[in-house]
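The values are calculated or read from the model by the stated rules, or taken from the named source; none is laboratory data. Quantities reported herein were computed from a predicted structural model and do not represent experimental measurements. Virtual Cβ from ideal backbone geometry, glycine too; neighbours counted across all protein chains shown.
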Amino acid sequence: MIRFDDILDKIASRFGDKDIAILQKAYVFSAKAHKGQVRRSGEPYLSHPLEVANQLADMKLDRTTLVAGLLHDVLEDTDVTAAEIKEAFGKDVAGLVEGVTKISRVQDVSPEARRAETVRKIILAMTDDLRVIFIKLADRLHNLQTLKFLPEDKQKQIAAETLEIYAPIANRLGMGRIKAELEDLAFRYQEPEEFFRIASLVEPRRKPAEADLKKFRRMLERLMKDNHIPVEVHFRIKRPYSIYRKMRSQRIDFHQVYDFLALRIITDTVKNCYAALGIIHQKWPPLLQRFRDFIAMPKPNLYRALHTTIITEEKRSFEIQIRTREMNELAENGIAAHWKYKDVDPQSLIREDKRLQWLREMVELFREQKNPKEFLKNLKINLIPEEVYVFTPKGRVVSLPNGASALDFAFRIHTEIGLHSAQAKINGKVSPLKTLLKTGDIVEILTSPDKTPSRGWLNFAFTSGARHQLKRWLKQQEKGRTAATGKKARAAGGGKLGLPAGTLVRPARCCAPIKGEPIIGYVTSGKGVTAHALRCSLIAREILVPERMVDISWDQVAREDFQADLLIRSADKPGLLAEVASAVSRLEGNITKAEVETFADKKAQTRLCLTIRDIKHLEAIIKDVSAIKDVLTVERI
């Protein structure tokens with residue numbers, strides 16, 4: 001258990017006697033409020049606010065935040081009132097404690113609804129004072145460290161919430177250390193099988209890897225000393241969650257994770273960052289496709305560094321990051337580093353800091369939408385790491401998420417440019433607006449006053465900002481031209497009409513609905529009616545016009561058999577595919593295509609295309625295949 005004196009030792013050089021006295025007062029106040037309370041771990045409850053304050057001290061945050069950290073649970077778990085906190089410690093501390101408490105007081109409903117409401121409260125609290133989220137991140141970090149004392153269902157809930165909400169927010173705020181610790185701790189409980197699989201791959205290599213890193217660090221230090229560049233060199237082995245995410249997203253084997261071993265060079269100036277890079281590249285050949293200059297083109301969270309991966313004489317690969325001391329502090333603590341200085345105005349920071357553009361967009365979106373679930377969906381898009389960097393013809397750098405199109409670029413420049421986009425010029429070549437962008441592209445948008453959006457633009461608008469502006473414009477247009485039939489339909493049944501029973505309907509190709517699952521009909525001009533599954537992405541993304549939706553039944557769908565695709569993850573065992581085929585055959589299913597992929601960790605992945613009768617038939621097949629020994633998971637894709 002951390003002691004209060006340990007926290008004082010950390011902050012002594014930054015805080016004066018008055019600050020120390022107020023912190024001691026908060027410590028005593030918290031100790032009295034929590035007297036007699038015990039955590040599930042058996043420790044006194046006071047251990048938790050002390051751990052939170054200790055994390056905030058590591059972030060080098062200001063006195064107000066540390067005081068609020070010591071008091072952050074008193075409104076939630078004791079009889080102390082907000083008025084008492086305000087009287088004893090002032091309105092800023094009281095505001096922070098109330099902000100953290102509001103986030104904690106989310107009703108325990110369905111996981112999705114709970115997360116949506118949690119996000120909504122986090123965003124609103126952050127717009128009042130960003131320091132609320134620093135306290136909440138520190139609170140979440142310590143709760144994860146003691147998660148083993150909670151029931152399994154609660155462990156999974158907290159872990160999933162961490163990976164979906166808290167770690168991405170920490171990343172967006174540039175708080176690399178907190179983000180990484182949150183991810184690893186949550187990974188252990190969210191995906192225990194994958195966690196231990198990664199651990200089993202890493203542990204046998206840890207000691208040899210550390211020996212290699214120490215040896216290479218000595219070589220780097222000697223090389224820099226010979227060239228008169230002052231440096232500190234640190235090393236690390238890639239974290240478990242980061243390894244898992246890279247293997248999954250890039251579909252690669254553990255041995256293809258090139259940045260498994262990494263070193264960090266910290267020097268004094270930007271000039272010496274580039275000098276060190278040149279010296280390293282003269283000594284060892286780099287993998288050019290893995291070179292990144294985040295000093296010239298910082299990430300959206302303002303992370304700056306040079307990244308390169310080199311191959312040594314022994315054919316070993318090492319990732320090397322090169323930063324100044326200031327860059328390193330920002331990489332570790334991000335936007336929280338502002339509060340090491342005095343007189344930071346939280347509101348001006350929220351209005352002006354580039355790292356908070358996503359937050360400003362989400363606040364604007366929420367003000368118009370007020371739909372927590374839609375808010376959560378858009379937040380997930382906004383929290384995706386932005387790693388595509390493109391240029392305007394004048395050389396301005398624009399950062400966009402992976403998967404962004406030229407249309408997203410247009411809306412990022414200005415809403416009116418987006419709404420009147422006609423074509424794009426990418427690297428001097430005229431290209432469609434749906435063209436996906438890649439780092440280094442020079443993009444120019446050609447506009448026309450006569451050009452306006454169609455609903456189909458939602459198919460290639462990826463960013464929440466572009467999608468929000470498109471939906472708003474389309475909604476305004478639809479309001480103006482809604483026919484009387486549409487109005488009656490909305491009044492009678494949420495925009496859906498019924499069709500005569502003899503009407504024939506075709507299954508939609510996009511979602512391939514299967515008889516028995518919930519469907520909705522969609523009237524397409526000149527093509528009749530198509531049946532879409534309610535799970536269809538075109539419905540989820542609001543691309544289909546509500547006025548064209550009609551109620552239908554499966555009796556109207558002209559189809560006797562249906563197609564379904566399954567993804568089976570299993571151990572790589574001889575004869576397993578034959579067992580799967582036999583199970584499908586027993587249930588009178590038909591396999592039209594099978595693809596098997598094996599991996600170095602003795603796992604396999606099988607994709608099956610099936611012909612089936614209905615959804616119950618598919619569910620029976622999934623149940624029997626799942627029961628086969630060595631089959632890990634079966635899911636419909």
### Query
Do any residues in the range 495-514 that are outside the structural domain of Asn459 (by TED's automatic domain parsing) have Cβ atoms under 7 Å from those of residues that are part of a loop (DSSP other than H, G, I, E, B) and modelled with pLDDT of 75 or more, where the two are at least six apart or on different chains, and which pairs are they?
Leu499/Ile552; Val505/Ile552; Pro507/Pro513; Ala508/Cys536; Cys510/Cys536; Cys511/Arg535; Cys511/Cys536; Ile514/Asp614
### Task
Would you point out the residue of the range 429-447, among those that are part of a loop (DSSP other than H, G, I, E, B) and at pLDDT 90 or above, that is surrounded by the most Cβ atoms within 10 Å (Cβ to Cβ)?
Leu437
#### Entry: Residues satisfying the stated conditions in the range 247-290, i.e. of a type in the set (Lys, Arg) and closer than 24 Å to Val233 by Cβ
Arg264, Lys271, Lys283, Arg290
### Task
Quickly run through the range 285-308 and pick out the residues that are in contact with a Ser or Thr (Cβ under 6 Å, 6 or more places away or on another chain) and either of a type in the set (A, V, I, L, M, F, W, C) or modelled with pLDDT of 90 or more (or both).
Pro286, Leu287, Phe291
### Message
Please verify whether Leu66 is of a type in the set (A, V, I, L, M) and touching a Pro at 6+ places or on another chain (Cβ under 7 Å), treating the condition exactly as stated.
### Response
no
### Query
Filtering the range 1-28 down to residues that are touching a residue at least 60 places away in the same chain (Cβ under 8 Å) and not in a loop (DSSP other than H, G, I, E, B), which residue is nearest to Leu71 (Cα to Cα)?
Ala26
### Task
Quickly run through the range 33-53 and pick out the residues that are more than 36 Å from the chain's Cα centre (by Cα) and either of a type in the set (Val, Ile, Thr) or exposed (fewer than 12 other Cβ atoms within 10 Å of the Cβ) (or both).
Lys35, Gly36
### Task
Give the range 521-538 a look and list any residue that's in a helix (DSSP H, G or I) and either among the polar types (S, T, N, Q) or modelled with pLDDT under 75 (or both), or say none.
Ser537
### Task
Return the pairs, sorted by first residue and then second, in which the second residue is outside any helix (DSSP H, G or I), the first residue lies in the range 178-193 and is in contact (Cβ under 8 Å) with a residue 12 or more places away in the chain, the beta carbons are less than 7 Å apart, and the residues are 6+ apart or on different chains.
Ala180/Arg239; Asp184/Arg239
### Query
Being more than 29 Å from Ala68 (Cα to Cα), under 30 Å from the mean Cα position of the chain (by Cα), in a helix (DSSP H, G or I) and not charged (D, E, K, R), is that true of even one residue in the range 208-221?
yes
### Query
Can you tell me how many residues in the range 222-238 are closer than 30 Å to Val202 by Cβ and in contact with a Ser or Thr (Cβ under 7 Å, 6 or more places away or on another chain)?
1
### Query
Residues of the range 164-179 being out of contact with any Gly (no Cβ under 6 Å at 6 or more places or on another chain) and buried (at least 18 other Cβ atoms within 10 Å of the Cβ), which ones?
Glu164, Ile165, Tyr166, Ala167, Pro168, Ile169, Ala170, Asn171, Arg172, Gly176, Ile178, Lys179
### Query
Does Val557 satisfy the criteria of being β-branched (Val, Ile, Thr), in contact with a helix residue (DSSP H, G or I) (Cβ under 6 Å, 6 or more places away or on another chain) and in contact (Cβ under 8 Å) with a residue 24 or more places away in the chain?
no
### Message
Return the residues of the range 180-210 that are surrounded by fewer than 20 Cβ atoms within 10 Å (Cβ to Cβ) and aromatic (Phe, Trp, Tyr); say none if nothing qualifies.
### Response
Phe195, Phe196
### Message
If Ile165 meets every condition in (1) over 21 Å from Ala571 (Cα atoms); (2) modelled with pLDDT of 90 or more apart from one, which number is that one?
### Response
(2)
### Query
Which residue pairs have Cβ atoms under 8 Å apart, sit 6 or more places apart or on different chains, and have a first residue in the range 116-131 that is closer than 11 Å to Ser104 by Cα and touching a residue at least 24 places away in the same chain (Cβ under 8 Å) and a second that is among the basic types (Lys, Arg) and assigned to a helix (DSSP H, G or I)?
Ile122/Lys136
### Query
In the list Ala604, Ala600, Ala594, which residue meets the criterion of being more than 22 Å from Ala558 (Cα to Cα), assigned to a loop (DSSP other than H, G, I, E, B) and either over 30 Å from the mean Cα position of the chain (by Cα) or not aromatic (Phe, Trp, Tyr) (or both)?
Ala600
### Query
Which of the residues spanning the range 29-58 are in a helix (DSSP H, G or I) and free of Cβ contacts under 8 Å to residues at least 12 places away in the same chain?
Lys32
### Task
Output the number of the condition that Ser464 fails; it satisfies all remaining conditions of (1) of a type outside the set (Val, Ile, Thr); (2) modelled with pLDDT under 85; (3) not assigned by TED's automatic domain parsing to the domain that holds His414.
(3)
